[in-house]
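Colleague: Just dropping this structure here.
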Amino acid sequence: MTYTVHEMFLTAQGEGANLGRVCVFVRFAGCNLWSGLEADRASAVCRFCDTEFRGGTKYSTAEALADVAASLWPAGQPHRRAVLTGGEPLLQVDAALVAGLRDRGFWVAVETNGTQPLPCPLDWVCVSPKAGAPLVLTDADELKLVYPQPGAEPDRFAGFTAAHRWLSPMDGPAIVANTAAAAVYCLTHPAWRLNIQAHKTWGLR
């Protein structure tokens, strides 16, 4: 299988239960909910995405991709962690890639919109549902919901099994109001926790 990776870099996890943990982010190209073209945004299932995921580097084997990920980790340092994200990573991630990363000592996480099945068990799964996109995955380590999102209100996910539930204020011109609204929701529904993108204040991607 050929993998297309938009970018790969060393950073620290900026949100969620693994906040602050150093990891190699592997951002895959492509998504099933939006083409990434502004001309298509109005007709996309997900219209608020702020991530660039079009095009990138092609890897002809899982081993080649895993070797590059390993080369980004500080030399001689243990606790290797890889976060597979996108776009929608599960359009490309397969068992061979997960095995290749694990063979190089990586703990492997995925951040997904939940519309695609897992190719194999992973060490950590974060699902971020989008309104209008039926979920295939119904349990995860983390449920991370962009808020407010008409058609994907938090109470719709009462039956979703997750150890951690996060509300992420929708970015954009209304970020201040959205953050305040998310905070109010969490204060009145304590099963949910407020999720802030701390890496943006750290100067990291």
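The values are calculated or read from the model by the stated rules, or taken from the named source; none is laboratory data. These numbers come from a predicted model, not from an experiment. In this analysis, Cβ positions are derived from the backbone assuming ideal geometry, glycine residues included, and neighbour counts consider all displayed protein chains. Calculation scope for accessible area: heavy atoms of the full protein, side chains included, ligands and nucleic acids excluded. Shrake-Rupley method; radii C 1.70, N 1.55, O 1.52, S 1.80 Å.
Colleague: Kindly provide the set of residues from segment 165-174 that are in contact with a strand residue (DSSP E or B) (Cβ under 6 Å, 6 or more places away or on another chain) and either surrounded by fewer than 16 Cβ atoms within 10 Å (Cβ to Cβ) or part of a loop (DSSP other than H, G, I, E, B) (or both), ordered by number.
Modeller: Once the filter is applied, which keeps residues that are in contact with a strand residue (DSSP E or B) (Cβ under 6 Å, 6 or more places away or on another chain) and either surrounded by fewer than 16 Cβ atoms within 10 Å (Cβ to Cβ) or part of a loop (DSSP other than H, G, I, E, B) (or both), segment 165-174 yields only M170.
Colleague: Then there's this: Which residue, of A70, A75, A42, A82, is at pLDDT 95 or above, open to solvent by 40 Å² or more (accessible area, probe 1.4 Å) and either assigned to a loop (DSSP other than H, G, I, E, B) or on the phi < 0 side of the Ramachandran plot (or both)?
Modeller: So the residue among A70, A75, A42, A82 that is at pLDDT 95 or above, open to solvent by 40 Å² or more (accessible area, probe 1.4 Å) and either assigned to a loop (DSSP other than H, G, I, E, B) or on the phi < 0 side of the Ramachandran plot (or both) is A75.
Colleague: How about segment 104-157: which of its residues are part of a strand (DSSP E or B), among the aliphatic types (A, V, I, L, M) and open to solvent by less than 20 Å² (accessible area, probe 1.4 Å)?
Modeller: Within segment 104-157, the subset part of a strand (DSSP E or B) is 107-112, 124-127, 139-147.
Okay, now just the ones that are also among the aliphatic types (A, V, I, L, M), so 108-110, 125, 127, 140, 143, 145-146.
Within segment 104-157, V108, A109, V110, V125, V127, A140, L143, L145 qualify.
Colleague: List pairs: first in segment 176-203 and in a loop (DSSP other than H, G, I, E, B), second open to solvent by 90 Å² or more (accessible area, probe 1.4 Å), Cβ under 9 Å, 6+ apart or cross-chain?
Modeller: H189/D155; A198/L19
Colleague: Within segment 21-30, work out how many residues are part of a loop (DSSP other than H, G, I, E, B) and open to solvent by 40 Å² or more (accessible area, probe 1.4 Å).
Modeller: Going through segment 21-30 one residue at a time, the tally reaches 1.
Colleague: Among the listed residues E52, E63, E7, identify the single one that is open to solvent by 40 Å² or more (accessible area, probe 1.4 Å), in a strand (DSSP E or B), among the charged types (D, E, K, R) and touching a residue at least 24 places away in the same chain (Cβ under 8 Å).
Modeller: Working: E52 fails: in a strand (DSSP E or B); E63 fails: in a strand (DSSP E or B).
Residue meeting the stated conditions: E7.
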